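Report on the following structure.
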Amino acid sequence: MLLDRNLHIRAIDTFIDPSVPRERAIITHGHADHARSGHGAVLATPDTIAIMQTRYGVDCAGRFQALDFGVPLLIDDVSITLYPAGHILGSAQVLVEHKGQRVGVTGDYKRLTDRTAQPYELVRCDLLVTEATFGLPVFQHPLPQTEIARLLKSVRDNPERSHLVGCYALGKAQRVIALLRDAGWDAPIYLHGAMLKLCGLYEELGVKLGDLRPALDVPKADFAGQIVIAPPSAIRDRWSRRFPDPVVCQASGWMSVKQRARQALVELPLVISDHCDWGELQQTVHETEAATVWVTHGREDALVYWCRQQGLEAEPLHLQGFEDDGGEEAA
């Protein structure tokens, strides 16, 4: 087998998104549960390398090799090609080809249009290794523009209150900001300090986010009617007391689960996901034309069962180290 169940490409002794330091690693994207420091050599897209070096330092790996989307790299007799995954900026799917076999590893991915990430491209393969974060039929994500419209309506209806939107610092924060701008919100958007460095990097890499300001040294009354972006953990601690009667929001695919929203004390849950929902996972399996499907993390068993119903070979991998929130809660 070209790829083993630890996402190890045996022929070139290289791991995809390894959870421990390896001599050679291919990194699909910059979230903490996929991109770790300490590898000897890292192959990734230029944007993912920039994100890793911003988060972990320029020497977080022994060496980096950048590979642009759609450009095959031949290592011995194995071909590696990266294709956009649409998850966050620079996120990639990995196509591994060897002796006529094609293995596609999605990493985390979404198929909806998002101007803060390169758009998803379908990769046809014989073996598909797919995530299934939202791999249950109950997950049918609404359009993110609909959720942003709900947020802006709440801002209009509550001009005396601030709106604190919980977002992970990498990917989700920039996407929510872009969605707000595209919906016509031209006012300054205030940021928790954890957001500043990565939003600045996105701007450097060509993603325009508009007027962003740190949520420091601003009179409390001036936050009335304003939108503030912060990590989910911050909106539940003392930091949030600087805002007038805040409407606590959170942007996540998990906000469709009412119990999660209640437990997080979220007044306005926004179902905005950077992963495929159930229907999109099914669509991807069909369109890749893969005969075999491995499901890496998330709600593995339901998608495996559905694939087998379609006559496909399918199994869960039960990989350790991948998290529902992309390992970003502490960011």
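The values are calculated or read from the model by the stated rules, or taken from the named source; none is laboratory data. All figures in this text were calculated on a predicted structure; none of them were measured in a lab. Because the Cβ atoms are built from the backbone with ideal geometry, glycine has one as well, and the counts that use them run over all protein chains shown. These area figures cover heavy atoms from the full protein model, side chains too; ligands, DNA and RNA do not enter into them. Shrake-Rupley method; radii C 1.70, N 1.55, O 1.52, S 1.80 Å.
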**For the range 144-270, size of Cβ-based charge dipole, Lys and Arg +1, Asp and Glu -1, in debye** = 460
**Asked** Three principal axis extents, largest first, for the C-alpha atoms of the range 76-117, in Å?
**Response** 36, 15, 12
**Fill in**
Of the residues LEU136, LEU270, GLN53, the Cα lying farthest along the dipole of the chain towards its positive end, which is defined by charges on the beta carbon of Lys, Arg, Asp and Glu, belongs to LEU270
**Complete:** Under 27 Å between C-alpha atoms, the lysine pairs in the range 144-270 lying 8 or more places apart or on different chains count 10
**Request:** Quickly work out the VAL20-to-ASP217 label distance, labels modelled 7 Å from Cα along the C-beta direction, and quote it in nm with one decimal.
**Result:** 4.7
**Accessible surface of LYS208 - all protein chains present, 1.4 Å probe, nearest 10 Å²** = 130
**Fill in**
Rg/Rh of the range 80-158 (Cα atoms, Kirkwood Rh), to two decimals, equals 1.14
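Run through the DSSP bridge list for the chain and note the antiparallel percent, rounded to the nearest 5. Write down the numbers at each step before the final one.
Working: 17 of 55 bridges.
The answer is about 30 percent antiparallel.
Rounded, prolate or oblate for the range 144-270? Axes are the square roots of the Cα gyration tensor eigenvalues, ordered a ≥ b ≥ c, and the cut-off for rounded is a/c under 1.5.
On the way: a/c = 1.30, a/b = 1.14, b/c = 1.15.
Note, shape of the range 144-270 comes out rounded.
D for the range 190-331, whole µm²/s, Stokes-Einstein with Kirkwood Rh over alpha-carbon pairs at 25 °C and 0.890 mPa s: what number? Please list the in-between numbers first.
On the way: Rh = 18.2 Å.
Stokes-Einstein gives a translational diffusion coefficient of 135 µm²/s.
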**Prompt:** Largest first, how would ASP274, ASP182, ASP237 line up by accessible area (1.4 Å probe)?
**Reply:** ASP182, ASP237, ASP274
**Request:** Report, in debye and to the nearest 20, how large the dipole of the chain comes out about its Cα centre when Lys and Arg carry +1 and Asp and Glu carry -1 on their Cβ.
**Result:** 840
**Item:** For the chain, convex hull volume per residue from C-alpha positions, Å³
**Value:** 122
**Message:** Once you keep just the Cα pairs under 8 angstrom separated by 6 or more residues, what percentage relative contact order results for the range 144-270?
**Reply:** 35
**Item:** the range 243-294: Rg to Rh, with Rh as the Kirkwood radius over Cα pairs
**Value:** 1.24
**Prompt:** Amide H neighbours of THR14 under 5 Å, counting only residues 5+ apart in sequence or on other chains, H built in-plane at 1.01 Å?
**Reply:** ILE9
**Prompt:** Which far-off residues, 5 or more places away or on another chain, put their amide H under 5 Å from the one on HIS297, with H placed in the peptide plane?
**Reply:** ALA132
**Asked** With point charges of +1 on the Cβ of Lys and Arg and -1 on the Cβ of Asp and Glu, referenced to the Cα centre of the chain, which listed residue (GLN250, TRP239, GLN93) lies farthest in the positive direction of the dipole?
**Response** TRP239
